[in-house]
């Protein structure tokens, strides 16, 4: 079956512009995560959606970052007024709701802010 | 104290040796544990999951879990250069939300 799909795969934007990154999780997966990974660094947790519960936004680095998940499926991560330090790979992952379910990752969006 | 801790490495082993990767976690109520492998420039991929104390073997990989010591490890037997990657330990928290927490990863280098 289809895996986690992210688009675009690459995005180059100018400093100060807004960007939207999209994630389409595996069908039936109610949990969805966004991570950021800078070159040579570990996974930085951004936000976690679980079903109809309020999202865990504890990892969002600033109020320029926001995310939505519509209809319990597709999610959009928005970065407003991008800065050069926002350049990174943004990874989306999804899983079933149960606590013993592993995450399945998308291929990521590589964001470059010039 | 970080919720999930790993030695960042790099861990260097010769080809054919056993590589031992370790992970400790702080949430005593955690029940599900995973090991992911991440090649440079790629996304993490699941290689092992473990839920009960003891060992779980899958090919050249063995995951070991000790809940009393809050310790989970991954052994790679007969290490190959193709095993060179970063290995991420992930633990499901015991809270209602069950968020998965990742360690920072250990870089493994297998030298021919």
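Laboratory data are not the source of any read-out in this text; all were calculated from the coordinates shown. Given the structure is predicted, the values throughout are model-derived calculations rather than measurements. Positions of Cβ are generated from backbone atoms using ideal geometry, with glycine treated the same way; all protein chains shown enter the neighbour counts.
Observations on the structure shown:
- The relative contact order of chain A comes to 38 percent, based on Cα pairs under 8 Å that sit 6 or more residues apart.
- Listed by Cβ neighbour count within 10 Å, with the fewest neighbours leading, A:32, B:11 appear as B:11, A:32.
- Alpha-carbon Debye profile of the protein assembly as shown, log10 I(q)/I(0) at 0.08, 0.17 Å⁻¹: -0.29, -1.23
- Scaled radius of gyration (Cα, divided by 2.2 N^0.38 Å) that region B:13-96 gives: 1.10
- Contact order for region A:25-72, expressed relative to its length and based on alpha carbon pairs under 8 Å spaced 6+ residues apart, stands at 28 percent.
- Under the shape rule built on the C-alpha gyration tensor, where the axes satisfy a ≥ b ≥ c, region A:62-114 is prolate, since a/c reaches at least 1.5 and a/b is greater than b/c.
- Solution diffusion estimate, µm²/s, Stokes-Einstein, region A:31-96, Kirkwood Rh from C-alpha pairs, 37 °C, viscosity 0.692 mPa s: 265 µm²/s
- Whole-angstrom gap from region B:65-112 to region B:1-51, using each part's C-alpha centre: 1 Å
- Cα-based equivalent ellipsoid, chain A: semi-axes from gyration tensor eigenvalues, Å: 23, 14, 13
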